[in-house]
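A quick write-up on the structure given underneath.
Just so it is clear, none of the values below were taken in a lab; they were calculated from the coordinates. Please read these numbers as outputs of a predicted model, since none were measured by experiment. Because the Cβ atoms are built from the backbone with ideal geometry, glycine has one as well, and the counts that use them run over all protein chains shown.
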């Protein structure tokens, strides 16, 4: 199918397109799941085969290289805590002072 042309029918089963399809619903049938697993396996093998520089511990080792040393694990944990705090602040921004979420320790 040419790029830029909208689909008029869903992609066929057993393809990565069908597995990831937003418009037609994400399909999780065995054929599509196997296709996606094979795709992910090929991508993972290509990444392992590619020449890469060693991880910079505490910066990109945990996610990009799968490093689980204490430095990388601690840095990832702190990054996720900060991300959660930002999301929480955005979620509750704009609430009034009398909201239940604004009370701390049962204060009214």
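Quick look at the numbers
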| item | result |
| --- | --- |
| Cβ-derived FRET efficiency at R0 30 Å, residue 5 paired with residue 29, nearest 0.05 | 0.75 |
| Protection proxy ranking, peptides 65-74, 81-90, average beta carbon neighbours within 10 Å, highest first | 65-74, 81-90 |
| Potential extension, residue 17-residue 60 segment - 0.36 nm per residue separation minus Cα distance | 12.5 nm |
| Segment 62-84-segment 13-57 distance, computed between alpha-carbon centres (Å) | 23 |
| Peptide ranges 13-19, 48-54 listed from the most packed, as the mean C-beta count within 10 angstrom indicates | 13-19, 48-54 |
| Normalised contact order of segment 11-51, rounded percent, pairs of Cα under 8 Å and 6 or more residues apart | 33 |
